[in-house]
Amino acid sequence: MTPTPRLPRFAGLPLAVGAGLAIPVQGRINGALGVRLNDGIASAVVGFSTGLVVMILISLILPSGRAGLARILPAVRTRAFPPVYVLAGGIGALFVFAQSFTVGILGVALFTVAAVTGQTLSGLLVDRLGIGPAGKRAVTPMRIIGCVLTVAAVAWAVSPRLAVSPGSPGAPGAPADGAGGLETLILPLILPVLAGFLMSFQQAMNGTATVHYGSPVAATLVNFVAGSVFLWIALAVKVAVFGPGNPLPAEWWYYLGGPMGCVFIGLGALLVRSLGVLVTGLGMIAGQLLGSLGLDLLVPAPGSIVAPATVLGTLLTLAAIILATLPWPRGAFRRQRPVG
């Protein structure tokens, strides 16, 4: 096992936020490609495949990448970590499936709240169990408060869009009196909650693999290999049943989704050892909201809404993450006994 450097929180948290900025950019690109191809699975396959090509090139060019490549098979053969960790990329594939099959029903806003809720809850659990390379992290009152505030802040930030989500009362296709809306949303909500819940486990698995490979480059490469295999199988089944979608576009920017994925998967694998799974995930959530806000302001998509709640909810998310990250002293919130 090759030691990887730990980063102080004041350096690691901004990197986590920066990694999260790439997520909405990837989502915008993959969404546009899915519309162009008329096939969400094919769009995900293109994203994972281009990301895989980028990671192969980086692994071969960088000395640390080549060294990490040489350690992959020995680490797996000696069971330096549970072998199932090499399949962590399948969780990313599941997240893409969740986007493809439920965003049209739930809307982007409700999907985001559901996924963030699952990821935040599992971040606490994964840290408590010590699955990630940072070891066990206590479930303190401030971490719980920070998680609750994060979910509430995300819900507030996306609340202007919730009113026009496909499944919301009054939206096109929804019952006029709102009856039956909850029942029709329960099953679609389970998938993004589950996908978000598993994302923390993916980060912990990638972080552990990074420690043993000695490089986040190798862990990211293995992630893209596993995810690409899952998605290519899914695409083959889809094409066999429903036939192919539209041909690939010629515009180069449609193929930048994969490199964006390389950024946040690689940084996430690097940061969980220093920050823990929960704080890394919260930082990336903040970056995701900031990136979405920036895109809606600078390059608005059809239906984009930037309301005061969007800005204030994003700022509250940042405050909640700082609250959960600060090194609060033990017993700071215990009731003090009177002296004398």
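Only residues in the range 247-258 that are assigned to a helix (DSSP H, G or I) count as the first member; pair them with residues that are modelled with pLDDT under 90 and surrounded by fewer than 19 Cβ atoms within 10 Å (Cβ to Cβ), Cβ under 8 angstrom, at least 6 apart or cross-chain, and list the lot.
Qualifying pairs under 8 Å: Y254/A32; Y254/R36.
Which residues, taken from the range 36-62, are under 23 Å from I72 (Cβ atoms) and open to solvent by 60 Å² or more (accessible area, probe 1.4 Å)?
V53, I56, L57, L60, I61, L62
Residues to consider are G20, G51, G47; find the one that is touching a Cys at 6+ places or on another chain (Cβ under 6 Å) and of a type in the set (G, A, S).
G51
Go through the range 209-224 and give me each residue that's in a helix (DSSP H, G or I) and open to solvent by 10 Å² or more (accessible area, probe 1.4 Å).
V211, H212, P216, V217, L221, V222
Take the residues in the range 260-297 that are among the hydroxyl-bearing types (S, T, Y) and either buried (at least 24 other Cβ atoms within 10 Å of the Cβ) or in contact with a strand residue (DSSP E or B) (Cβ under 7 Å, 6 or more places away or on another chain) (or both), then tell me which one is modelled with the highest pLDDT.
T280
Residues to consider are G227, G257; find the one that is open to solvent by less than 30 Å² (accessible area, probe 1.4 Å) and farther than 25 Å from P14 by Cβ. Working first, answer last.
Details: G257 fails: farther than 25 Å from P14 by Cβ.
Residue meeting the stated conditions: G227.
The values are calculated or read from the model by the stated rules, or taken from the named source; none is laboratory data. It should be emphasised that the depicted structure is a prediction, and the values quoted were computed from it without experimental measurement. Cβ coordinates were reconstructed from backbone atoms using ideal geometry, including for glycine residues, and neighbour counts include every protein chain displayed. To get the accessible areas, we keep the full protein, side chains included, count just its heavy atoms, and leave off ligands, DNA and RNA. Shrake-Rupley method; radii C 1.70, N 1.55, O 1.52, S 1.80 Å.
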